[in-house]
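Structure first, then comments.
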Amino acid sequence: MPAQLIDGVLLSQQLRGEIAERAARLTAAGKQPGLAVILVGEDPASHVYVRNKVKACGDVGFHSVLEKYEADLSEAALLERIAALNCDPAIHGILVQMPLPKHIDPSKVIEAIATSKDVDGYSVLSAGELVANLPGFRPCTPYGCMKLIESTGVDLRGKHAVVIGRSNTVGKPMALLLLQANATVTICHSATPDLGLYTRQADVVVAAVGRRNTLKADMVKPGAIVIDVGMNRDDAGKLCGDVDFAGVREVASHITPVPGGVGPMTITMLLMNTVESAERVHSSSQECPSQATGMEPKPGVA
Ligand code: NAP
């Protein structure tokens, strides 16, 4: 029997409904959640991504600010802008769209965002919180993958999960989230000699590589859950994932399609982190993140 589809569009709609209700409660209390999105330069794909994020904010009742800057914006000017947003009480999440122009150091920019507003979960402190099992913002794509796995109703405790890919934004946080859910986790990467040797033992496989047909039917254990993070183009230019969907669907128990699986969940989890950030500020009734966390401002933040 073919695998059951894990529908990321449907799950996103459900979660966005819940987020909208939480946002409405905050707004009624005079604390509307707010997201600031910063775009530097003219990368066409980035323009589409930020437009989608700002539209998603409007759909769930958030306040959003889109700040667009020319590609020659100086690094100092960008850091100054982030410092101002860090203390703007109307803003609960700050997202700087990557990639940035070459003269701007992305890690300096990410680290300049207050941890309490790091709704992308990319900063070193957010990563540390994840490693230490502390509350904090989880990177949106792996966080979305966890929600997709949860939606199958399968308990991860004691299951063997294999993550293919070890990037800081997807593979590594994915592995840590699976570990937190009590799975036994294996991480594979480009130097893994026989990928199938590992994936054939897995109850859950998360493919986050960026190369189509990385995971084929003969590499999957019957009944496994398969989450496809990859975003690639096939020979006809059609969007596809890392998984040979048609083949693997015949072996797995549950599988995410591309498109319509992980993709829609990424923005949804950005909204989730932002509403959570607004709720934290509301419950602590503190506005400025340097006060809220008790931390000194970070380098680059005035
Ligand atoms: P990345 O930074 O390029 O990382 C890719 C990872 O795959 C690396 O760890 C690499 O290993 C590993 N890899 C490469 N070839 C491999 C092979 N033959 N066998 C096993 N592992 C291999 O990419 P990323 O940012 O993590 O993204 C991965 C994919 O997810 C991309 O297609 C990206 O577009 C997609 N993505 C989708 C969403 C979404 O919302 N749907 C969000 C983020 C990313 P090394 O570390 O050894 O080089």
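Rule-based calculations on the coordinates, nothing more; no lab input. Keep in mind that this is a model prediction, so the values were computed, not measured. When we count neighbours, we look across all protein chains shown, and the Cβ atoms used for this are built from the backbone with ideal geometry, even at glycine.
Data table
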read-out	value
Given charges at Cβ of Lys, Arg, Asp, Glu: region 140-263 dipole, positive-most of H189, H254, G223	H189
Burial ordering of S167, S74, fewest other beta-carbon atoms within 10 Å first	S74, S167
Principal-axis tilt of helix 44-59 within the chain, Cα atoms, nearest 10 degrees	80 degrees
With Cα atoms, 0 to 90° folded angle of helix 171-180 axis to the chain main axis	80 degrees
Relative contact order computed over the chain (Cα-Cα under 8 Å; 6+ residues apart), in percent	23 percent
Helix 8-28 vs. the chain, principal-axis angle (Cα, 0 to 90°, nearest 10)	20 degrees
Cleavage-rule hits (GluC sites (Glu not before Pro)) in region 45-109: DSSP loop, at most 10 neighbouring Cβ within 10 angstrom	E70
Contact order relative to length of region 140-263, as percent, for alpha carbon pairs under 8 angstrom and 6 or more apart	22 percent
28 Å Cα-Cα threshold exceeded, pairs from K53/K238; K147/K216; K31/K108	K31/K108
Cα-based convex hull, region 28-115, per residue volume (Å³, whole number)	82 Å³
Region 28-90: relative contact order as a whole-number percent, Cα under 8 Å and 6+ apart	44 percent
Region 140-263 - Debye-derived log10 I(q)/I(0), Cα point model, q = 0.12, 0.16, 0.20 Å⁻¹	-0.36, -0.66, -1.09
Cα pair distances of the chain binned at 20 Å [whole percent]	33, 56, 11
Euclidean distance of C-alpha centroids, region 22-66 and region 206-230, integer Å	32 Å
Positive-end residue of I38, C57, P106, charge dipole of region 28-115 with Cβ unit charges	C57
